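Q: Take a look at this one; I'll ask things after.
The values are calculated or read from the model by the stated rules, or taken from the named source; none is laboratory data. Bear in mind the structure is a predicted one, so any value in this text is a computation, not a measurement. For neighbour counting, all protein chains shown are included, and Cβ atoms are generated from backbone atoms with ideal geometry for every residue, glycine included. In case anyone asks, the SASA skips ligands and DNA or RNA and just uses the protein heavy atoms, side chains included. Shrake-Rupley method; radii C 1.70, N 1.55, O 1.52, S 1.80 Å.
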Amino acid sequence: MHCEPPDMVCETKIVAAEDHEALPGAKKDALLAAAGAMWPPLPAAPPPEPQPLGGAEDEGPPEGRGVYIREFRPAEQEAARRIFYDGIMERIPNTAFRGLRQHPRTQLLYALLAVLCFALTRSLLLTGLATAALLGLRYYYSRKVVLAYLDCALHTDMADIEQYYMKPPGSCFWVAVLDGNVVGIVAARAHEADNTVELLRMSVDSRFRGKGIAKALGRKVLEFALVHDYSAVVLGTTAVKVAAHKLYESLGFRHVGSSDRYVLPGMTLSLAERLFFQVRYHRYRLQLREE
């Protein structure tokens, strides 16, 4: 099974500069000022109790002073993998059941199968059991495909975040830190061939959602794009939840298309998968400057 770095969580492309170095101070300040105008700051966290700083110095505020975003460190590999894994596993029931609403042809097929079952058996009980079996198969194949996708991801880029995102020019990986703990992740990966960058792996620990962390992570990638003179940001996602799409729109992204033929890494495209697993791939774009 061939595993490309998977794109299920979220991807963003940005027209990129040639290297990963910062721009001259005046230009960088101007770009960041523009970013501040495009994306107003998030509400400030309430002031905490004063706490000792401890011995080691660290970027960002000390523990207890709210969430802050900084670059990934190798010691956070397992924490980042856990947040990514948990976020993707949540997709299983959403894809199997809530995602069915995005596929009217599949709904019609299942309805016809239920009617056929009733016509043959004249039994509401057997018809109900047949319908439950169809939904059960959707869950089984959604889980099968998602686990295969995770296996690919955890053995490619998420196996060595430092090597895959922190070392290549034009790529980076950030973590959201709260009270010394990693609670969110996001990545950016450049493509020199078309001068673009992808926003990948955005995920927030379910215990800390609703606090603006995902939006702050998204802004970090957009600021990265401005500083490195990328011209556009585009992302792709298979997310079913409306909240995910509203997040992208709140960051300034525009929906530019969708496809029902997207193939996730790990899919076998067997008849059973095509019958009981469907996913819709959405594309978004944020233009930062004219090409």
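Q: Just the ratio, please: alpha-carbon radius of gyration of region 62-206 over 2.2 N^0.38 Å, N its number of residues.
A: On the way: Rg = 21.4 Å, N = 145, 2.2 N^0.38 = 14.6 Å.
Against the empirical 2.2 N^0.38 Å value, I get 1.47 for region 62-206.
Q: Using the per-residue mean of other Cβ atoms lying within 10 Å as a proxy for protection, in what order, highest first, do the peptides 211-217, 171-177, 71-77, 136-142 fall? Please list the in-between numbers first.
A: Details: 211-217: 20.1, 171-177: 22.7, 71-77: 14.7, 136-142: 17.9.
So the order, starting with the most tightly packed, is 171-177, 211-217, 136-142, 71-77.
Q: Now, a different point. Report the Cα-based extents of region 61-116 along its three principal axes, largest first, to the nearest Å.
A: 63, 21, 15
Q: What are the semi-axes of the equivalent ellipsoid for region 191-257, taken as the square roots of 5 times the Cα gyration tensor eigenvalues, largest first, in whole Å?
A: On the way: eigenvalues 96, 41, 23 Å².
They are 22, 14, 11 Å, listed largest first.
Q: Ranked from the most accessible area to the least, with a 1.4 Å probe and all protein chains present, what is the order of 202, 89? Each step should come with its number before you reach the end.
A: Numbers: 202 25, 89 50 Å².
So the residues, ranked largest to smallest area, are 89, 202.
Q: Still on this structure, I have one more. Return, ordered by residue number, the residues of region 206-237 whose backbone nitrogen is under 18 Å from a label point located 7 Å along Cα→Cβ of residue 94.
A: Inside the label zone: 206-219, 235-237.
Q: Which FRET efficiency, nearest 0.05, do residue 160 and residue 263 yield, Cβ-Cβ r, R0 25 Å? Don't skip to the end; give the middle numbers.
A: Values: r = 25 Å, r/R0 = 0.99.
Plugging the Cβ-Cβ distance into 1/(1 + (r/R0)^6) gives 0.50.
Q: Quick check on my link table: of 215/241; 167/246; 167/211; 211/246, which ones sit more than 21 Å apart, alpha carbon to alpha carbon? Please list the in-between numbers first.
A: Values: 215/241 16 Å; 167/246 32 Å; 167/211 30 Å; 211/246 15 Å.
Among 215/241; 167/246; 167/211; 211/246, the Cα-Cα distance tops 21 Å for 167/246; 167/211.
Q: Moving to a separate point now. Share of region 131-249's accessible area from carbon and sulfur, percent, 1.4 Å? Walk me through the intermediate numbers first.
A: On the way: 2330 of 4350 Å².
Percent of accessible area from carbon and sulfur atoms in region 131-249: 54.
Q: Write down the accessible area per residue of region 174-255 in Å², having rolled a 1.4 Å probe over the full set of protein chains. Spell out each step's value before the answer.
A: Working: 2890 Å² over 82 residues.
With the other protein chains kept in place, region 174-255 gives 35 Å² per residue.
Q: Now, a different point. In Å and on Cα atoms, what radius of gyration and Dmax does region 147-291 show?
A: Every Cα atom of region 147-291 included, Rg and Dmax give 16.0, 48 Å.
Q: Determine, at each q value in 0.13, 0.17, 0.25 (inverse angstroms), the log₁₀ of I(q)/I(0) that the Debye formula gives when each Cα of region 144-201 is one equal point scatterer.
A: Listed by q, the Debye log ratios stand at -0.41, -0.67, -1.05.
Q: Between residue 287 and residues 5 or more places away or on another chain, which pairs have amide H atoms under 5 Å apart, with H built 1.01 Å from N, and which residues are they?
A: Here 233 satisfy the definition.
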